[in-house]
Amino acid sequence: MNHPRVVIFNDTHGWHSAQLTAALGQLGIETTLVDLAECRIDLDSPTGIVIPGFDNELPAAAIVRGIAPGFLEQITLRMDVLHTLAELGVPVMNPATAIEHTVDKARTSLRLHLAGLNTPRTWACENREQAKQIAERELAAGHKLVMKPLFGCQGKGIVRIETLAEFEQQTAVGDAFYLQQYVAPEQPGAWQDWRLLVIDGEVCAAMSRRSTHWITNFAQGASCFATPVSEEMRQLAIAATAAVNADYAGVDLIRSEDGRYSVLEVNSVPAWKGLYQATGANVAAALAHAVCQRIMASRSTHHAI
């Protein structure tokens with residue numbers, strides 16, 4: 001029997017793709033590295049889509065590691081490919097629905113809120129006057145705010161707002177205002193949050209990120225440490241992953257001054273280099289195992305039919 005072939009989607013293939021390729025190879029699964037932007041819709045094809053390296057066949061599974069920024073039309077076409085793969089019965093980690101629920105921070109906040117999960121108070125709107133009124137009210141009540149781009153990652157473009165003058169200086173990316181109540185650290189000046197990586201309803205690895213600055217992303221220079229995970233943290237991370245329909249996710253938790261944990265963000269295409277360096281956890285092997293299980297389940301379903 002031919003070895004199953006999996007496609008890994010990313011616009012820049014590097015360390016993560018190499019890790020996944022090696023882990024999948026140990027399970028007898030071949031990989032092809034593709035940029036979603038290079039795929040196309042083609043109704044002359046039996047499947048209606050063309051994926052470089054796959055001719056008229058479909059991959060046994062797909063892993064989404066990254067999607068390049070682009071215009072709305074470009075992103076829509078890339079999502080079309082992921083949606084179609086799932087509709088054709090190809091296991092996709094993560095599916096387009098999970099990516100749509102997490103690439104937009106407002107959508108994530110809504111999903112978490114409607115699932116009844118603890119997350120910082122959040123407001124999102126297009127109207128600058130509305131946003132100013134929210135800022136004025138919250139600042140007057142003694143709350144600091146954080147303004148983030150609706151689409152963004154690695155802590156880029158995030159601003160803390162402590163006065164109305166600071167708000168007035170901000171230009172919203174895409175004229176969309178996304179505001180959250182700032183969560184002060186338990187210990188003043190000691191900023192810390194936690195990244196838990198969830199795969200198929202289990203916490204695979206966890207680390208704390210500590211910084212002398214209030215932005216605690218690994219990409220912004222935070223130090224990463226292995227950390228124990230309490231039952232409250234575990235359940236919150238697993239529930240947050242389920243709330244966005246993700247098979248795997250990096251869930252960021254923060255603890256407020258009252259000791260309660262909140263979900264800051266859910267990332268459906270999480271990097272794990274910081275996690276690996278902090279904990280030695282073999283995330284790629286766990287993901288490869290999850291993909292292998294999906295391929296076997298998919299094949300048994302087709303054989304049954």
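The values are calculated or read from the model by the stated rules, or taken from the named source; none is laboratory data. Quick caveat, the model's predicted, so the values are computed rather than measured. Positions of Cβ are generated from backbone atoms using ideal geometry, with glycine treated the same way; all protein chains shown enter the neighbour counts.
Summary of computed values
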quantity: Members of the range 196-224 found to be loosely packed, with under 14 Cβ neighbours inside 10 Å and either touching a Lys or Arg at 6+ places or on another chain (Cβ under 7 Å) or modelled with pLDDT under 95 (or both), listed by number; calculated: 212, 213, 219, 221
quantity: Count - residues of the range 155-212 that are of a type in the set (Phe, Trp, Tyr) and under 21 Å from residue 140 (Cβ atoms); calculated: 4
quantity: Residue within the range 185-197 that is outside the structural domain of residue 79 (by TED's automatic domain parsing) and under 30 Å from residue 87 (Cβ atoms) present; calculated: yes
quantity: Close pairs (9 angstrom Cβ cut-off, 6 or more residues apart or separate chains): assigned to a loop (DSSP other than H, G, I, E, B) in the range 12-28, basic (Lys, Arg) and buried (at least 19 other Cβ atoms within 10 Å of the Cβ) anywhere; calculated: 13/65
quantity: Top-ranked residue in the range 20-39 [being in contact with a helix residue (DSSP H, G or I) (Cβ under 8 Å, 6 or more places away or on another chain) and surrounded by fewer than 20 Cβ atoms within 10 Å (Cβ to Cβ); ranked as farthest from residue 284 (Cα to Cα)]; calculated: 37
quantity: Scope the range 154-169; condition part of a loop (DSSP other than H, G, I, E, B) and either surrounded by fewer than 16 Cβ atoms within 10 Å (Cβ to Cβ) or in the same structural domain as residue 239 (by TED's automatic domain parsing) (or both); matching residues; calculated: 154, 156, 157, 162, 163, 169
quantity: Residue check for residue 150: modelled with pLDDT under 95, in contact with a helix residue (DSSP H, G or I) (Cβ under 9 Å, 6 or more places away or on another chain) and closer than 29 Å to residue 236 by Cα; calculated: yes
quantity: Test: residue in the range 248-260 that is closer than 30 Å to residue 180 by Cα, surrounded by fewer than 20 Cβ atoms within 10 Å (Cβ to Cβ) and under 15 Å from the mean Cα position of the chain (by Cα); calculated: no
quantity: Qualifying residue in the range 176-184 (condition: more than 30 Å from residue 277 (Cα to Cα), out of contact with any Ser or Thr (no Cβ under 9 Å at 6 or more places or on another chain), of a type outside the set (Asp, Glu) and assigned to a strand (DSSP E or B)); calculated: yes
quantity: In the range 55-72, the residues that are surrounded by fewer than 17 Cβ atoms within 10 Å (Cβ to Cβ) and either over 22 Å from the mean Cα position of the chain (by Cα) or within 20 Å of residue 89 (Cα to Cα) (or both); calculated: 55, 56, 57
quantity: Residue check, residue 63 β-branched (Val, Ile, Thr) and in contact with a Phe, Trp or Tyr (Cβ under 8 Å, 6 or more places away or on another chain); calculated: yes
quantity: Failed criterion for residue 101 (all others in (1) touching a residue at least 24 places away in the same chain (Cβ under 8 Å); (2) within 28 Å of residue 3 (Cα to Cα) hold); calculated: (2)
